[in-house]
Amino acid sequence: MPSVKISIAMCTYNGAEFLPAQWHSILSQSRRPDEIVVCDDGSSDQTRSLLERLAQESSVPVTLRFNEKNLGSVKNFEQAIRLCTGEIIALSDQDDVWRSDKLQSIEQEFQKSPGAGLVFSDAEIVDENLEPLGRRMWSEVGFDPYKQKLIARGQALEVLITGWTVTGATMAFRSEFMNLSLPIPDEIAMIHDGWIALTIAAVAEVVAIDEPLIKYRQHQKQQIGAPSRPAPTEQTHGVHAAFRRRNSSADLHKILETLEKRLLAHARAHNTRKALAFVGDYAFHLNVRANLPQRRLNRVPRILRELLSRRYHEYANGFKSAAKDLVS
């Protein structure tokens, strides 16, 4: 497979302190990007002048967009993605540091898997001085070996629907899915990285690289990530709690409904049949559980039906969830 054009979609906001390290790590890639698109969301520090200087000195073509009004990180990323012209788009935060072979590793995975629409990796969580905190991103978000096997078996959709798994700074995707993923909906409990990963997983393969290809920096000023904590032990606990977010039943209903509408709207461009069947089955199970009779004895037939259909095992924690529904 010939080399493809790789674009970097970076968003910045008051990031002058850490931006140079990230910029250097991108330009030092063993497989250099073909373009860098940066959208700054109305920074009030030195970010703008720094970006203008970095772009002027860059050996890689750079497109800069300075927002007159603050869009917020999600819509700013949407804007940056739309401005990219490459076949592969890699997202970038302003404050991380990439391993020198990140883009090369990602490109190799796309080459090995022509059906892959999205590739993401693990990340090493570090402090503001890039010192390791002794944790990896996948362990923080609960992306355990079982879920990794599901991804490898082509069952990424059922992994990505239930929580926060793919970190935007570790992901890259084929631009042919841009129209499916964008615009990013405002009304669901999911930000740009989760939604993009989910929509692509509905129609294409997803590849997970079991290596930390970035240093994911934690600091007080970041917009997304773990909240800052005064003591190291509390900070580490805060990272763990922040990353292990899971969607509630109501959130899942809304995500499934929104995904179904998006898939139906793009059914001509992509094979959405399998994903639509999954969405309908999952939504049915959630509706059953949300509308169980008040009397416990009357719940038994519905719970048994969901157990026999294996929907409790597919979309919940099997017998444990069934028992909880029976007695709660």
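List of remarks:
- Output for the range 143-174, where each listed residue is part of a loop (DSSP other than H, G, I, E, B), within 14 Å of Y315 (Cβ to Cβ) and free of Cβ contacts under 8 Å to residues at least 40 places away in the same chain: Q155
- The range 33-51 - residue that is in a loop (DSSP other than H, G, I, E, B) and under 23 Å from the mean Cα position of the chain (by Cα) and, of those, surrounded by the most Cβ atoms within 10 Å (Cβ to Cβ): D41
- Candidates L71, L130, L54 - the one that is assigned by TED's automatic domain parsing to the domain that holds P212 and either surrounded by 18 or more Cβ atoms within 10 Å (Cβ to Cβ) or not in a loop (DSSP other than H, G, I, E, B) (or both): L54
For every residue, the table says whether it meets (1) under 25 Å from N129 (Cβ atoms); (2) in contact with a Lys or Arg (Cβ under 9 Å, 6 or more places away or on another chain).
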position	(1), (2)
H24	yes, no
L27	yes, no
R32	no, no
V37	no, yes
G42	no, yes
N70	no, no
S73	yes, no
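- Count - residues of the range 273-288 that are farther than 15 Å from D251 by Cα and of a type outside the set (A, V, I, L, M): 5
Here's the yes/no breakdown for (1) surrounded by fewer than 22 Cβ atoms within 10 Å (Cβ to Cβ); (2) modelled with pLDDT of 95 or more:
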residue: E158; (1), (2): yes, no
residue: T162; (1), (2): yes, no
residue: T167; (1), (2): no, yes
residue: R174; (1), (2): yes, yes
residue: M178; (1), (2): yes, yes
residue: I184; (1), (2): yes, yes
residue: G194; (1), (2): no, yes
residue: L198; (1), (2): no, yes
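- Selection status of A16, surrounded by 14 or more Cβ atoms within 10 Å (Cβ to Cβ) and outside any strand (DSSP E or B): yes
- Filtered by the rule that a residue be in contact with a Ser or Thr (Cβ under 7 Å, 6 or more places away or on another chain) and more than 20 Å from I184 (Cα to Cα), the range 259-288 gives a lone residue, L286.
The values are calculated or read from the model by the stated rules, or taken from the named source; none is laboratory data. Because the structure is predicted, anything quoted here is derived from the model rather than measured. Using ideal geometry, Cβ is built from the backbone for each residue, glycine included, and neighbour counts are taken over all protein chains shown.
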